[in-house]
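Structure, as C-alpha cells:
The values are calculated or read from the model by the stated rules, or taken from the named source; none is laboratory data. None of the values given here were measured: they were computed from a predicted structure. Counting neighbours? That spans all protein chains shown, and the Cβs are built from the backbone with ideal geometry, glycine included. We work out accessible area using only protein heavy atoms, side chains counted, and drop any ligands, DNA or RNA first. Shrake-Rupley method; radii C 1.70, N 1.55, O 1.52, S 1.80 Å.
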Amino acid sequence: MQQGTLMRKVKSKSWKKQRYFKLQDDCMTIWYQSKRTGKTESAFSISDVETVREGHQSEVLQSLAEEFPPECCFTIVFYGRRGNLDLIAGSAEEAQCWVQGLRQLIEPRFFPLTLTLFSPTWIRDWFQKADKNKDGRMNFKEVQHLLKMMNVDMNEDHALRLFQDADKSESGTLEGEEFVLFYKTLTQREEVLSLFQEFSEDGKKLTLLELVDFLRQEQLEDEGTEELAMELIDKYEPSETARARHVLSADGFLMYLCSPEGSIFNPQHRVLWQDMNQPLCHYFISSSHNTYLIEDQIRGQSSIEGYIRALKRGCRCLEVDCWDGPNGEPMVYHGHTFTSKIPFREVVSTLGKTSWGISSSPPPLMGTSPPSSHPRRSWAFQGASLSPIPQELKHKILLKGKKIGRLEDMLDGPGDEVPDVSDDDNGAEAEEERRRAKVGISWDSALQKDKETVAQALSDCVIYCKSVSFRDFQEARSHSRPSEISSLSEAKARKLIRDAGNEFVRHNAWQLTRIYPSGMRTDSSNYSPQEMWNVGCQIVALNFQTAGMEMDLCDGLFSQNGRCGYVLKPPFMRDEETLFNPSDPGSREGPGPITLTIQVISGQQLPKVANSKDRAIIDPLVRVEIYGVPADQARQETKYIENNGFNPYWDETLQFQLHVPELALVRFVVEDYDKTSRNDFVGQFTLAFANIKPGYRHIHLLSKDGTSIPPSSLFVHIRITE
C-alpha cells in the first residue's frame, strides 16, 4: 500500500515532525502516520475541514518564514474550536496538489434528492458511517444504526420495508445503487412534491410557463422571469432530455429550492451592491475588540490567529494594543493582565498578507494604533479630505489613535512651511483655545502631553481617525471634526441612548463613534450590538472569539454587500438634521409599519446536540427572533416535534409587525426541547430584514461558531405586506 505524501507537521518553531499523509479511498478521510514508527497517529474527516490557507498564514508558519518558503506551506483549518493543522510539503508542487485537492473536496454543496444531483461526498460519508464492519455492504442492523445517526426515530417495521424495497438483489445487504435508492426513499420531501404538483398540470414536470407562474406568484420574481426560468432549468435540471424540452422535473425543482437562488438570502445582496462613495461615518463597520485574544481577557492566549480569523470573517476594524517589550521590540497583548504576548512585527506582517485577500476591491482596513510603539514606516494620504469615502481608500490602512496637532496642519505636507492664516482661521484657533481653557485643558499643555506620550512618527500615521475624548453632543458639534473619533464604553453609550437618542443619531451622521465592551467582561462575553446600531454607531467592537447571539447578529448584518465589512446606514440615519429616535419609531420618515409573515414548514437533517448520547434523538422547535428598535423586538416559536431531527414538519405561521424594518435583523434558531432543563442549541441563521427574499425558501443553518453545517436546513414560506 502506498504510504502517502511525506510532509512536516508543525506545532512550534522547534517541533517539526515528519508524517505520511494520505487520502483514504473513500475520499472522506485523511490519516497520517509517523515516518519513524509507521504507526497511524490520527485521522480526520473532510467534512470537519472549514478551509485551507496557503503560505505563512498561521502564527507557527510565520515563525518559520525564513526557513521554509510560503509555496511549500499550508494550514488546514477545522470547524469549531479544534486547533489548526500546519503542514510543510517537500515541494511547491506537492503543496499545491494537497491545497487544490482539499479545496475541491470541501467545496460547499447544497443537499439534493438523487445521486445525479447530490454530492458523492455526502453519499460516501453516510455509507462509511453506517458500514460498521467495513465490508462495503450495509445490513439491516447497520441501517438501524444509520437512522439513529441521522436523527431518525423510525418504526422498525417501516425501516425494514424501506430496506427490503431497496435490496433488489435480495442479498440481505445494500451496496452501490441499492444504497442510493434507499437514501433517495429516505430523503423524499413530500411537502416539496406537493408544492411542485400544485403548479404542474401532469404532476411530473413543470413546463416553462408553469415555472414562470410559480416564480411570479410565489417567489415574487417580477423582472425577466422567463429568462430566469430558463436559467434555472439549465442550471438545476439533471435530465438532459428535460433540459432540451425546457421543462423542470421534481428533482430539478428541489435542486433549485435548495440552491442559492432558492435561499432566504437575496443572492443579489451577496455581492457588493451598496453605494461605497459615502463618507465613512455613513456606514456600519464590522469591528472587533482586543482582536489578538482568542480566549478570555485576563489570562487568555494572544495570537495572530485572532487577526486571521477576524479578517476572514469580514472584520474591517481591528485592535492592536502595543506595549514596550524587551530590546525595544514592541509587543501586543492586553496590558496589565496575564495574557500572552506576540511581537508587533508579526501582527503587521499578518495584516499585510491577509487584509486584502477577502475581495477583489477591498475596502479600507481600520485599526487602533499602538500607544507606545515606534513604527519604522508611515503612510500618508496626499490631498486627503476631511470626509473620506471607502471607494477612495481601497487597499489602505487607517490608524485610529492619538495625534499631535490637527489633521489640517498635516495636509500642508511634511516639512512644508505653513502659510499665513486668515482672520477667520485665527478666530477659529482662538475659539479652540477658549474651549480648551473652559474644560480645564490648555492647548499648550495638551499638545505637550501628546508629545510626551505619542511618537511623532506614529502621530503622523493617524490621518482620519484622531482619537478625542467625548464630553457631550453640544461640545462635539461645536468643536470636533469629521476626521476625529470618540470611543465610548457600552455603559456610557446606553446612557446616551436613553437620555439623548436623537442627538446620538445626529452625531453619528457626521462623526465616527466606537463602542467597546465593559471591562467587567473578563470572560470575553459580548453586549448586544443592535442597540448601538439603532443610534447609528459605526464601530461596535465585539469579542469575535466568543460565539453567541451577539456574534450571530454581527455576522448576520455583515454577511451582505460582498462581506466587505461595510454596510450603508439607512437614509434617515445619514441626515445630520434627522428627527429619528429609536425609542420613538414614529419619528422615522417614510412608509408605515410592515408585516412579516413566516410559515415554518419543515426541517431537514438537523444535527444532533453536541455531547448527546449515541441513541438520543432531538425534539426540535424553531424560534424566530426580531432584533431592531425597542418597539420591534419580538420572538415567537413553533411547537416541538418529538423524536425527529431528520425531517420534522411544523407547518406553523408566525407573524411580526416591524416599525423600522431598515434596522431589523431576523434570527432563526433551532433548539432541542427539554421539559426539565434549558433547551439545547441545534443551529441558527441570522440576516438583515433588507436581505430577505420572499416566497418558498430554504434556510441553511449555521453552528454556534457561525460555520456551515450542511445539509441541515429549514424550509419556510415568507410574505411581506404593508
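Just a few scattered comments:
- Computed from the Kirkwood radius of its Cα pairs, the Stokes-Einstein diffusion coefficient for region 278-355 at 20 °C and 1.002 mPa s stands at 164 µm²/s.
- A cut-off of 5 Å between modelled amide H atoms, ignoring neighbours fewer than 5 places along the same chain, links Glu50 with Val77, Phe78, Tyr79.
- Spin-label model distance (nm) - Ser47 vs Gln657, 7 Å beyond Cα toward Cβ: 4.5
- With the highest mean first, a sort of the peptides 207-214, 63-70 on other beta-carbon atoms found within 10 angstrom per residue produces 207-214, 63-70.
- Protection-proxy order for peptides 594-606, 258-270, each taking the mean of Cβ atoms within 10 Å per residue, highest first: 594-606, 258-270
- Spatial separation of Cα centroids for region 174-239 and region 456-502, in angstrom: 54
- Region 190-262 - Debye-derived log10 I(q)/I(0), Cα point model, q = 0.11, 0.15, 0.19 Å⁻¹: -0.21, -0.40, -0.67
- Take every pair of alpha-carbon atoms less than 8 Å apart whose residues are at least six positions apart; their mean separation over the length of region 190-262 yields a relative contact order of 30 percent.
- Listed pairs Lys353/Lys704; Lys492/Lys569; Lys235/Lys312; Lys495/Lys569; Lys134/Lys184 exceeding 24 Å between Cα atoms: Lys353/Lys704; Lys235/Lys312
- Backbone HN-Hα couplings from phi across region 461-473 [Karplus 6.51/-1.76/1.60, Hz, Gly and Pro as x]: 6, 7, 10, 8, 10, 6, 6, 9, 6, 10, 9, 7, 5
- For Val320, the residues 5 or more places off, or on other chains, whose built amide H falls under 5 Å of its own are Thr368.
- Phi to ³J(HN,Hα) by Karplus 6.51 cos²θ - 1.76 cosθ + 1.60 over region 623-635, Hz, x for Gly, Pro: 10, 10, 10, 10, 10, x, 5, x, 5, 9, 4, 6, 8
- Convex hull volume of region 618-687 per residue (C-alpha atoms, cubic angstrom): 94
- With the highest mean first, a sort of the peptides 11-20, 691-700 on other beta-carbon atoms found within 10 angstrom per residue produces 691-700, 11-20.
- For region 664-722 versus region 280-340, the gap between their alpha-carbon centres in whole angstrom: 31
- The 3J(HN,Hα) values that the Karplus relation (6.51, -1.76, 1.60; θ = phi - 60°) gives for region 269-278 are, in residue order, 8, 6, 8, 6, 10, 9, 5, 9, 10, 8 Hz. Gly and Pro appear as x.
- Once all protein chains are placed together, Ser712 keeps about 10 Å² accessible to a 1.4 angstrom probe.
- Start at zero, step by 5 Å, and the Cα-Cα distances of region 591-721 spread as 2, 11, 21, 24, 18, 13, 7, 3, 1, 0, 0 percent across the bins.
- In straight-distance terms, cross-link reach from Lys148 covers every one of the lysines whose alpha-carbon lies under 16 Å from its own, apart from those fewer than eight places away in the same chain; here that gives Lys129, Lys132, Lys608, Lys613.
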